[in-house]
Amino acid sequence: MTLDDLRAAFRAVPGKPWLDDALARVRADPDAAGPLFARAERKLGRAPLADGSAWTAGRAGRALLLAELAEPERIVTLYHQGDAAERLAVLAALPLLAIGDAGVPLLHDALRTNDTRLVAAALGPYAAHLDAAAWRQGVVKCVFMGIPLSVVHRLDDRADTQLAAMLTALATERAAAGRRMPQDALALLNRLTVANSSPKQA
Amino acid sequence: MRIFDPHIHMTSRTTDDYRAMAAGGVQAVVEPAFWLGQPRTNPGSFADYFDSLIGWEPYRAAQFGIRHHATLALNPKEANDPRCRGVLDLLPRYLDKDGVVAVGEIGYDAMTPAEDEAFAAQLALAVEYELPALVHTPHRDKAAGTRRTLDVVAESGIEPGRVAVDHLNEVTVALVRDSGCWMGFSIYPETKMSPPRMVEIIKAYGTERILVNSAADWGHSDPLLTVATGRALLAAGFTADDVDRVLWRNPVEFYGQSGRLDLSATTPGDSFAGSSLARGGS
């Protein structure tokens with residue numbers, strides 16, 4: 001998904017005139033972004049952008065509003081001043097924006113919460129900017145909170161022996177308490193253990 | 001029996017309360033911003049509180065299948081502390097949020113000039129942001145406070161049908177009925193109103209523009225007294241439809257005037273696509 005894909009899909013959305021006007025207002029005055037960003041979801045709706053898309057009109061509209069902001073600090077501020085849906089919209093938009101590493105503190109913020117939606121959203125494609133320690137903590141937190149590991153972008157590429165050790169420790173605690181690990185975590189642990197115990201192909 | 005509690009401070013309540021409320025039929029709540037018992041000393045404390053009312057608390061409620069919306073305001077008690085005046089400058093940003101369905105609780109505590117000013121300013125914000133207003137009436141000198149409240153509401157230019165005047169009793173109900181504002185009643189274990197007295201009020205005044213809430217908070221209060229009032233109404237011979245009007249359709253109509261009430265079903269554990277959640281960890 002790119003910003004141009006979102007723009008193209010938006011042609012069919014009934015709220016497009018509202019969005020066009022909002023984008024023009026933000027272009028003319030970046031200070032106008034706050035209220036427009038807050039209102040976008042009720043103006044544009046929560047219907048999927050296209051058949052099968054994970055993007056709703058409201059969230060896509062919010063991403064396009066963010067794309068009008070040249071200064072990353074403004075995006076950071078909109079996240080901090082947002083409700084849960086606005087914060088989720090910022091996290092979803094991060095990989096589409098030319099923001100460099102400036103969004104990394106937002107991932108740390110989301111990973112500190114106890115809201116499974118925010119934790120999951122922090123482990124999408126933009127999590128490539130997270131260092132390994134923070135990323136591993138995020139993955140184990142998913143297991144801990146019952147978030148399916150399918151939300152984690154490039155899980156198998158980044159999973160390493162340290163993550164395997166952390167998951168093994170969690171599995172030991174769970175076993176001691178007579179409680180189960182989620183199936184997807186056991187499967188990951190299994191893949192990591194097999195990968196380490198068999199000779200790697202050159 | 002489906003119940004919409006139009007005034008309850010869930011921030012102060014436990015997960016056991018959420019569970020019992022859901023089991024009793026409570027499917028939606030509105031949490032007004034108010035005092036936390038311990039006075040706050042700066043606007044930042046309010047920003048964190050407001051963020052919680054539009055972020056964490058709706059998420060927590062959803063775990064139990066309960067829809068949570070908020071009303072935000074600088075409450076009358078803390079309006080008297082000059083260190084908290086900056087909250088009025090924070091409010092416009094928050095009044096644009098989807099989860100905010102009214103300005104409140106505003107009104108009077110001790111009827112001071114600072115309360116006059118905050119009350120009028122926030123009624124003006126309700127008009128500007130096209131939101132209803134939830135108005136607290138004072139516990140001391142209530143009848144005089146209610147009369148003065150209605151005068152300020154009338155002066156503000158907000159439509160009476162977009163204002164709920166809360167914590168009424170036998171002495172103050174008629175004043176508010178005649179004003180055209182909605183009549184709110186808080187059912188408490190000992191103070192305010194009780195279920196049997198609420199039944200008598202509805203016998204005398206009917207079901208129109210009546211809102212019944214538990215106003216449960218950090219004090220001696222009970223989040224199930226809406227349920228108890230519904231049962232008392234049925235026992236007194238009111239129909240299931242009467243009870244549904246008072247305990248569900250009336251609050252939906254009042255807060256629905258915001259255009260922001262979202263009552264689409266919440267499934268416990270369905271707070272992000274295709275997953276269950278928050279089993280409590282290890």
**Request:** Round to the nearest 0.05 the FRET efficiency obtained for B:Thr112 and B:Asp241 when R0 = 45 Å and r is the Cβ-Cβ distance.
**Result:** 0.55
**Request:** Give the residue from A:Gly100, A:Leu111, A:Ala47 lying farthest towards the positive end of the charge dipole for segment A:18-120; charges sit on Cβ (+1 for Lys and Arg, -1 for Asp and Glu) and the dipole is referred to the Cα centre.
**Result:** A:Ala47
**Prompt:** From the phi of every residue in segment A:92-97, what ³J(HN,Hα) in whole Hz does the Karplus formula 6.51 cos²θ - 1.76 cosθ + 1.60 yield, where θ is phi - 60° and glycine or proline is x?
**Reply:** 5, 7, 3, x, 8, 9
**Calculated from backbone phi, Karplus (6.51, -1.76, 1.60) coupling profile of segment B:247-259 in Hz, x at Gly/Pro** = 9, 10, 5, 4, x, 4, 5, 5, 6, x, 5, 6, x
**Message:** Explain nothing, just the number: relative contact order of segment B:129-222, from Cα pairs under 8 Å at least 6 residues apart, as a whole percent.
**Reply:** 23
**Fill in**
Dividing the mean separation of Cα pairs under 8 Å (6+ apart) by the residue count of chain B yields a relative contact order in percent of 22
**Prompt:** In nanometres, what is the gap between the two model label sites at A:Ala12 and A:Ala54, each 7 Å from Cα along Cα-to-Cβ?
**Reply:** 2.0
**Item:** Magnitude of the charge dipole, segment A:1-99, Cβ model with Lys/Arg +1 and Asp/Glu -1, debye to 20
**Value:** 300
**Prompt:** By how many degrees, 0 to 90 and rounded to 10, does the Cα axis of helix A:33-44 deviate from the longest principal axis of chain A?
**Reply:** 80
**Prompt:** For chain B, what is the calculated [θ] at 222 nm in deg cm²/dmol (nearest 500), taking -39500 (n - 2.57) for each run of four or more DSSP H residues and dividing by its residue count?
**Reply:** -11500 deg cm²/dmol
**Fill in**
For B:Arg85, the net charge from surrounding residues (Cβ-Cβ under 11 Å; K, R +1; D, E -1) works out to -3
**Item:** Residue-averaged beta-carbon neighbours from other chains (10 angstrom radius) around A:76-86
**Value:** 4
**Prompt:** For all pairs of alpha-carbon atoms in segment B:3-256, what percent lies in each bin of width 10 Å, listed from the first bin to the last filled one?
**Reply:** 7, 34, 39, 18, 2, 0
**Item:** Under Karplus coefficients 6.51, -1.76 and 1.60, residue-wise ³J(HN,Hα) of segment B:144-160 in Hz, glycine/proline x
**Value:** 5, x, 5, 4, 5, 4, 5, 5, 5, 4, 4, 5, 6, x, 5, 5, x
**Asked** Using the count of nearby Cβ atoms within 10 Å as a rough guide to exposure, how do A:Met1, A:Met145, B:Met10 rank from fewest to most?
**Response** A:Met1, A:Met145, B:Met10
**Message:** Under 10 Å, Cα contacts only: if you run a Gaussian network model on chain B, which one of B:Leu95, B:Leu211, B:Leu175 comes out with the highest mean-square fluctuation?
**Reply:** B:Leu175
**Request:** Mind putting a number on the dipole of segment B:146-272 about its Cα centre? Charges go on the C-beta only, +1 for Lys and Arg and -1 for Asp and Glu, and I need it in Debye to the nearest 20.
**Result:** 180
**Request:** Would you calculate the separation in nanometres between label points at B:Trp218 and A:Thr172, each defined as 7 Å from the Cα along the Cα-to-beta-carbon direction?
**Result:** 4.2
**Fill in**
With -39,500 (n - 2.57) per DSSP H segment of 4 or more residues and division by the full residue count of chain A, the 222 nm estimate, nearest 500 deg cm²/dmol, is -19000 deg cm²/dmol
**Complete:** So for segment A:110-194, using the alpha carbon gyration tensor with a ≥ b ≥ c as root eigenvalues (a/c under 1.5 gives rounded; past that, a/b versus b/c decides prolate or oblate), I'd call it oblate
**Message:** Strictly over 22 Å apart at the Cα level, which of B:Lys77/B:Lys142; B:Lys77/B:Lys203; B:Lys97/B:Lys142; A:Lys43/B:Lys97 would you flag in this model?
**Reply:** B:Lys77/B:Lys203; B:Lys97/B:Lys142
**Asked** Mind listing which trypsin sites (Lys or Arg not before Pro) in segment B:83-163 are in a DSSP loop and have 14 or fewer other Cβ atoms within 10 Å?
**Response** B:Arg140
**Prompt:** If you average over every viewing direction, what projected area does the convex hull of the Cα atoms of segment B:60-167 give, in nm²?
**Reply:** 7.4
**Fill in**
With the charge dipole of the protein assembly as shown built from beta-carbon charges (+1 for Lys and Arg, -1 for Asp and Glu) about the Cα centre, the Cα from B:Ala110, B:Ser156, B:Pro223 projecting farthest to the positive end belongs to B:Pro223
**Average Cα contact separation per residue, chain A, under 8 Å, 6 or more apart, as relative contact order %** = 13
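The numbers here are math on the coordinates, done by the rules we state, and not lab data. Treat the numbers as computed from the prediction; the structure is a model and nothing was measured. We place every Cβ from the backbone using ideal geometry, glycine too, and count neighbours over all the protein chains shown.
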